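Asker: I'd like to ask you about the structure that follows.
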Amino acid sequence: MPSFDIVSQVDRQEVRNAVEQANKEITNRFDFKGSDARVELSELLLTVYADDEFKLNQVMDVLRARLAKRNVDVRCLEPGSVERISGDKLKRPLTVRVGIAQDRAKSMVKLVKDSKLKLSASIQGDAVRVAGAKKDDLQAAIQLVRKSVTDLPLQFINFRD
């Protein structure tokens, strides 16, 4: 029976490379001279540091541009709240989302089952598996999920006949 998996993955090496490139650009830019602006990476948590709100937004823009150039979808970033550290310095944590949360997966399964296509959808850990008898129905399900879920970067993998 033909099937495919819906997942949300991020290439960690590309994220690491984008952070390094962003830090290199920040150190070379004139408007960041003498400032403590940087991006730190630890596993799936990015932390953006800056001297004030304006520079924090500038560092975020540089990071987003570098991630986009490395083909990492910026929708995978979940920003935290801005925190004050010593003096006027600010930091903002960004969580890199990997996998599909259980409630999102349930809504995707419901979406596929309510679509009147002869498909079965099931949750497999942090992925959703969709199976059906016809490839055309599977392709219609891919288009339906792409159109409906816009706030999460999704990949469709393991397409089997």
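The values are calculated or read from the model by the stated rules, or taken from the named source; none is laboratory data. Owing to the predicted nature of the structure, the values given are computational and were not obtained by experimental measurement. Cβ atoms come from the backbone with ideal geometry, glycine included; neighbour counts cover every protein chain shown.
Asker: Can you find even one residue in the range 71-83 that is at pLDDT 90 or above, closer than 20 Å to residue 33 by Cβ and outside any loop (DSSP other than H, G, I, E, B)?
Answerer: Checked against the condition, which is being at pLDDT 90 or above, closer than 20 Å to residue 33 by Cβ and outside any loop (DSSP other than H, G, I, E, B), the range 71-83 yields no hits at all.
Asker: Scanning the range 1-51 for residues that are modelled with pLDDT under 90 and in a helix (DSSP H, G or I), which turns out nearest to residue 105 (Cα to Cα)?
Answerer: Going through the qualifying residues, I end up with 32.
Asker: Name the pairs whose Cβ atoms lie under 8 Å apart, with the first residue in the range 1-14 and in contact (Cβ under 8 Å) with a residue 60 or more places away in the chain, the second part of a loop (DSSP other than H, G, I, E, B) and among the β-branched types (Val, Ile, Thr), and 6 or more positions between them or separate chains?
Answerer: What qualifies is 6/100; 7/100; 8/98; 8/100; 9/98; 10/72; 10/98; 11/72.
Asker: Another question, if that's okay. Every residue in the range 107-161 that is surrounded by 14 or more Cβ atoms within 10 Å (Cβ to Cβ), farther than 12 Å from residue 4 by Cα and of a type in the set (D, E, K, R), please.
Answerer: Listed by number, the list holds a single entry, 126.
Asker: Further question: Closer than 30 Å to residue 159 by Cα, buried (at least 19 other Cβ atoms within 10 Å of the Cβ) and out of contact with any helix residue (DSSP H, G or I) (no Cβ under 9 Å at 6 or more places or on another chain): which single residue out of 15, 7, 72 fits that description?
Answerer: 7
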